[in-house]
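Structure first, then comments.
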Amino acid sequence: MKELLLFDSSFFIRILRARGDPFNFLSQHQDRYNFATCGAVMVEVLQGIRSPQALTDLESKFEQMIYLPTDKSTWQLIQKTSPGLLRAGLPTAMPDLIIAGCAIAADATVFTYDSDFDQIPDLKVIHSFA
């Protein structure tokens, strides 16, 4: 069975800023992984797209990914995780907590270039493809 990867917005933004296509990169690894997204990632990525055509193109490509929802159990997980991070001196942005909550609830691994995710308990994180 393929591992489920939820890509943080940092992955998409880094490649898009370099004028690349993140979905072409993903297609090179589709034999090993299933790819997921969530609402927080889509909002963070799509809010910076200026071209209407590029926006439409990215929206349709996101639609092809497995969508991980934020249901009540995800919000409860976030609610339990956030205070511990704050007490440990590791304040974490709400979008990152939402992404982490979606990943944990779906038993997915987060692919990110953001080291803040490394501090979140019970979250599987990778920063590159092996």
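Here are the numbers:
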quantity: Matching residues, the range 107-130, being in contact with a helix residue (DSSP H, G or I) (Cβ under 9 Å, 6 or more places away or on another chain) and either under 22 Å from Lys72 (Cβ atoms) or crowded, with 21+ Cβ neighbours inside 10 Å (or both); calculated: Ala108, Val110, Phe111, Thr112, Phe117, Ile120, Pro121, Asp122, Leu123
quantity: In the range 108-129, residue farthest from Pro22 (Cα to Cα) [restricted to those that are of a type outside the set (Gly, Ala, Ser) and touching a Lys or Arg at 6+ places or on another chain (Cβ under 8 Å)]; calculated: Thr109
quantity: Unmet criterion (only one of (1) modelled with pLDDT under 90; (2) within 23 Å of Asp71 (Cα to Cα); (3) surrounded by fewer than 15 Cβ atoms within 10 Å (Cβ to Cβ)) for Thr92; calculated: (3)
quantity: Near pairs, Cβ below 8 angstrom, 6+ apart or cross-chain, from the range 39-50 (surrounded by fewer than 18 Cβ atoms within 10 Å (Cβ to Cβ)) to any residue that is assigned to a loop (DSSP other than H, G, I, E, B); calculated: Gly39/Pro69; Gly39/Thr70
quantity: Subset tally (residues that are closer than 22 Å to Met1 by Cβ and of a type outside the set (A, V, I, L, M)) for the range 68-116; calculated: 5
quantity: Check on Phe25, of a type in the set (Phe, Trp, Tyr), buried (at least 17 other Cβ atoms within 10 Å of the Cβ) and either modelled with pLDDT of 95 or more or over 15 Å from the mean Cα position of the chain (by Cα) (or both); calculated: no
quantity: Residues satisfying the stated conditions in the range 1-20, i.e. assigned to a loop (DSSP other than H, G, I, E, B), free of Cβ contacts under 8 Å to residues at least 12 places away in the same chain and surrounded by 15 or more Cβ atoms within 10 Å (Cβ to Cβ); calculated: none
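The values are calculated or read from the model by the stated rules, or taken from the named source; none is laboratory data. Here the structure is a predicted model, which is why all the values come from computation and not from measurement. Every residue, glycine among them, receives a Cβ derived from its backbone with ideal geometry; neighbour counts consider all protein chains shown.
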